[in-house]
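Here's the structure we're looking at; comments come further down.
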Amino acid sequence: MAMVRADQTADEDRVRFNSGHIRARMSPRTAFEVALDLRTTTSETLMQRVREYPIQASLLLSPVRAALSPYVLGGGGWYTERLERQSGTSWTLEDSTRRFGWHGGFGAELRLGRRAAAHADYRYTFLRFRDEDDDDEGRLGRLLPSYEGSMWTAGLTFYF
């Protein structure tokens with residue numbers, strides 16, 4: 001499950017996405033994850049629907065491996081939105097947009113035994129570091145990243 005806030009500056013509520021992920025341990029302190037989230041919204045007239053599905057690839061680094069392991073993460077994501085219109089019994093694509101953006105965040109994993117764990121993390125999406133043209137924040141402000149959205153993710157991981 002993921003709770004996403006698409007625009008940090010707008011006064012919008014977070015929306016829930018259903019999600020799944022595959023997480024592969026590369027060493028005791030590093031893992032690679034691919035996550036797919038999905039949300040479908042249908043109009044009140046049932047003639048239009050919007051499908052959003054971000055796909056994120058992340059590297060997770062755990063400085064401590066214990067029953068409760070904190071981690072930091074970062075990676076890239078492809079964020080797709082499709083607008084479809086109903087024609088008869090089928091749906092036809094009306095418009096589609098896809099954006100790429102960097103993300104980063106932090107979280108923790110709680111081991112539930114040898115083969116399972118629960119996790120929760122917070123991710124900043126569409127990260128961007130300022131350049132020399134962005135001088136409105138001064139020298140220190142250029143070192144801090146800006147972002148467009150954020151998301152909480154939580155779930156269970158089963159290890160094989």
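Annotations
- So Leu83, is it farther than 15 Å from Asp37 by Cα and either of a type in the set (Ser, Thr, Tyr) or touching a Leu at 6+ places or on another chain (Cβ under 8 Å) (or both): yes
- Selection of the stretch 55-99 for residues being surrounded by 12 or more Cβ atoms within 10 Å (Cβ to Cβ), among the polar types (S, T, N, Q) and part of a strand (DSSP E or B) yields Gln56, Ser58, Ser69, Thr80, Gln86.
- Annotation: of all residues in the stretch 146-160 being surrounded by 13 or more Cβ atoms within 10 Å (Cβ to Cβ) and not small (Gly, Ala, Ser), the one that is modelled with the lowest pLDDT is Tyr147.
- Number of the condition not met by Leu46 [criteria: (1) in a strand (DSSP E or B); (2) loosely packed, with under 11 Cβ neighbours inside 10 Å; (3) of a type in the set (A, V, I, L, M); (4) at pLDDT below 90]: (1)
- Selection count where residues are surrounded by fewer than 14 Cβ atoms within 10 Å (Cβ to Cβ), over 28 Å from Val64 (Cα atoms) and in contact with a Lys or Arg (Cβ under 6 Å, 6 or more places away or on another chain), scope the stretch 16-41: 1
- First in the stretch 65-78 and within 13 Å of Tyr122 (Cβ to Cβ), second anywhere and acidic (Asp, Glu) and crowded, with 18+ Cβ neighbours inside 10 Å, Cβ under 9 Å, 6 or more apart: Pro70/Glu109; Tyr71/Glu109; Tyr71/Asp121; Leu73/Glu33; Leu73/Asp121
The values are calculated or read from the model by the stated rules, or taken from the named source; none is laboratory data. None of the values given here were measured: they were computed from a predicted structure. Cβ sites come from the backbone with ideal geometry, for glycine too, and all protein chains shown count toward neighbours.
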